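Down below is the structure, laid out as structure tokens.
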Amino acid sequence: MYNLELPKKLKASANQAHQVAAQIFRPISRKYDLAEHEYPVELDTMAAMVEGLNDSGGDIGGASGGRSGSKTEIIGNANGGNMSALLNALETSWGDVGLMLSIPYQGLGNAAIAAVATDDQLERFGKVWASMAITEPSFGSDSAAVTTTAELVGDEWILNGEKIFVTAGERSTHIVVWATVDKTKGRAAIKSFVVPRDAPGLSVARLEHKLGIKASDTAVLVFDNCRIPKDNILGSAEVDVKKGFGGVMQTFDNTRPLVAAMAIGVGRAALEELRGILADAGVEVSYDIPPMSQHAAAAEFLRMEADWEAAYLLALRAAWMADNKKPNSLEASMSKAKAGRTGTDVTLKAVELAGTLGYSQHTLLEKWSRDSKILDIFEGTQQIQQLIVARRLLGKTSAELK
Ligand SMILES: Cc1cc2nc3c(=O)[nH]c(=O)nc-3n(C[C@H](O)[C@H](O)[C@H](O)COP(=O)(O)OP(=O)(O)OC[C@H]3O[C@@H](n4cnc5c(N)ncnc54)[C@H](O)[C@@H]3O)c2cc1C
């Protein structure tokens with residue numbers, strides 16, 4: 001039997017994240033939307049809180065992927081770190097997704113580390129703030145086209161290349177970088193490396209100006225003979241052509257449901273705001289009358305709410321599967337495709353239905369419609385998620401269906 005209620009323990013941590021979102025993020029949301037690239041000093045308060053919670057075994061912001069320092073023990077049917085991270089990401093994104101992406105120690109690179117690090121690496125990297133650098137000037141969606149190189153010289157890896165559009169790339173303490181250890185061996189040679197911000201040869205070339213999530217820094221990083229210790233490689237250094245791309249791609253199974261959760265959080269914010277505006281305008285949304293017998297705006301609201309619910313449940317399923325060590329690539333992509341699309345649809349439709357209030361800066365609706373678009377782009381676009389879903393359902397390889 002399905003039980004769609006959240007367990008008490010998860011409710012408590014999601015509630016805590018919601019308080020942070022409501023009390024710290026919402027009041028400064030517009031301020032940092034208008035002050036792009038200005039460091040949100042309020043995050044320092046958050047950093048102290050997150051550090052305190054990490055020390056006591058808690059997790060507030062939401063992208064650590066459930067393994068902040070030690071392996072999560074899963075026995076039988078469990079709701080573990082992935083589920084908790086997902087709910088926290090959802091709640092904090094309800095507050096402000098740009099600020100959520102700037103929460104110290106909770107970068108997407110942390111989820112990547114959590115997904116594949118050894119116990120020893122978790123000891124070393126469990127408490128860092130890690131961003132994720134895959135994209136390069138020559139590619140975005142085709143992540144097998146990595147040209148950044150990593151060469152082992154003595155006890156160090158030497159990295160050379162350029163990474164663009166790195167979320168939290170300037171503020172994070174570490175960067176998880178995808179690089180090839182052997183260009184002649186194709187995708188199997190692509191490995192991920194944990195690069196400390198102060199590694200010699202690493203520099204921030206510039207920050208991007210963007211449509212939305214302006215509170216989040218998006219950096220161009222240059223690796224010029226950048227040196228890192230030999231054991232900063234995540235997973236094995238061995239190039240197994242048979243295993244192919246599996247190692248690094250596995251990180252997406254943890255991060256995609258989290259990005260889905262961000263879209264679901266922003267979508268819920270827009271739906272709540274819209275419901276209030278409709279009520280003020282005298283439009284009642286009823287669950288007892290068929291949508292087609294209600295005000296057109298109410299019918300549209302009910303459609304969006306149903307879509308939102310579907311996105312929410314798909315994301316919960318993907319995270320639950322990860323917690324229970326079930327292969328979830330298909331479900332992770334499904335959840336991100338559905339949530340990414342629903343997030344942009346709901347937030348833009350809310351602007352439309354709220355009329356002048358929606359388009360103006362009197363509410364945050366116009367901001368959310370700008371913020372949500374990226375959630376349907378990074379960590380794999382809408383089209384790429386659909387491609388992955390199609391490949392999995394039809395049993396086709398990436399060479400057969402591209
Ligand atoms: C604000 C922001 C933050 C980002 N943060 C990060 C980050 O932290 N780390 C990181 O590594 N990257 C990051 N990115 C990069 C992001 O992951 C890429 O933009 C994304 O993967 C798409 O790549 P692209 O922009 O090169 O588009 P392209 O790959 O050139 O795609 C262009 C269009 O073609 C479509 N398309 C591509 N291939 C196919 C196909 N086979 N079939 C059908 N359609 C296809 C795409 O869906 C898209 O609509 C960020 C980007 C932005 C804008």
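The values are calculated or read from the model by the stated rules, or taken from the named source; none is laboratory data. This structure is a prediction, so every number in the text was calculated from the model and none was measured. Positions of Cβ are backbone-derived with ideal geometry, glycine not excepted, and every protein chain shown enters the neighbour counts. Surface areas here come from the heavy atoms of the whole protein model, side chains and all, with no ligands, DNA or RNA. Shrake-Rupley method; radii C 1.70, N 1.55, O 1.52, S 1.80 Å.
Protein heavy-atom surface of segment 301-402, 1.4 angstrom probe: 59% of the accessible area is carbon and sulfur, with nucleic acids and ligands not counted. Shape class of segment 246-394 from the alpha-carbon gyration tensor: prolate, with a/c at 1.5 or above and a/b greater than b/c. Ligands, DNA and RNA are left out, and with a 1.4 angstrom probe the accessible area of segment 246-394 is 42 Å² per residue.
Let me have the 222 nm mean residue ellipticity of the chain computed from DSSP H runs of 4+ only, each contributing -39500 (n - 2.57), with the sum over all residues rounded to the nearest 500.
On the way: 13 runs with 186 residues, N = 402.
After summing the helix terms and dividing by residue count, I get -15000 deg cm²/dmol.
Per-peptide packing, taken as the mean over residues of other Cβ atoms within 10 Å, places 311-319, 226-234, 33-41 in the sequence 311-319, 226-234, 33-41 from highest down.
Computed over the alpha-carbon atoms, segment 145-206 gives an Rg to Rh ratio of 0.96, Rh here being the Kirkwood radius from the mean inverse distance.
The lysines within cross-link reach of residue 367, meaning a Cα-to-Cα straight distance under 17 Å and a gap of 8 or more places when in the same chain, are 31, 210, 214, 349.
What residue among 283, 97, 222 shows peak mean-square fluctuation when the chain is described by a Gaussian network model with Cα springs under 10 Å? Comparing 283, 97, 222 in the GNM, the peak value goes to 283.
Report the calculated FRET efficiency for residue 250 and residue 120 (r = Cβ-Cβ distance, R0 = 25 Å), to the nearest 0.05. Write down the numbers at each step before the final one.
Numbers: r = 19 Å, r/R0 = 0.74.
Once the sixth-power term is evaluated, E becomes 0.85.
Computed over the chain with a Gaussian network model linking Cα atoms closer than 10 Å, the most mobile of 203, 13, 138 is 138.
The lysines within cross-link reach of residue 11, meaning a Cα-to-Cα straight distance under 25 Å and a gap of 8 or more places when in the same chain, are 71, 127, 325, 326, 336, 338. Here the simple spin-label model places points 7 Å from the Cα toward Cβ, and for residue 397 and residue 361 these points are separated by 5.4 nm.
Excluding same-chain neighbours fewer than eight residues apart, the aspartates and glutamates reachable from residue 373 by a Cα-Cα span under 13 Å are 345. Under 5 Å from the amide H of residue 228 lie the amide H atoms of 157, 159, each residue being 5 or more positions distant or on a separate chain, with H modelled from the backbone and absent for Pro and chain starts. I need the shape label for segment 106-210. Rule: rounded when a/c is under 1.5, else prolate if a/b > b/c, else oblate, with a, b, c from the alpha carbon gyration tensor. Taking the square roots of the gyration eigenvalues as a ≥ b ≥ c, segment 106-210 is rounded. With the Cα gyration tensor of segment 264-342 giving a ≥ b ≥ c as the square roots of its eigenvalues, does the rule (a/c under 1.5 for rounded; else a/b larger than b/c for prolate; else oblate) give rounded, prolate or oblate? Prolate, because a/c is 1.5 or more and a/b exceeds b/c. Shown here are the Rg and Dmax of the Cα trace of the chain, at 20.9, 73 Å.
Measuring nothing but protein heavy atoms, the accessible surface of segment 140-298 at 1.4 Å probe radius is 52 percent carbon and sulfur. For segment 199-255, chymotrypsin sites (Phe, Trp or Tyr not before Pro) are listed when DSSP marks them as loop and at most 15 other Cβ atoms sit within 10 Å of their Cβ; the list is 245.
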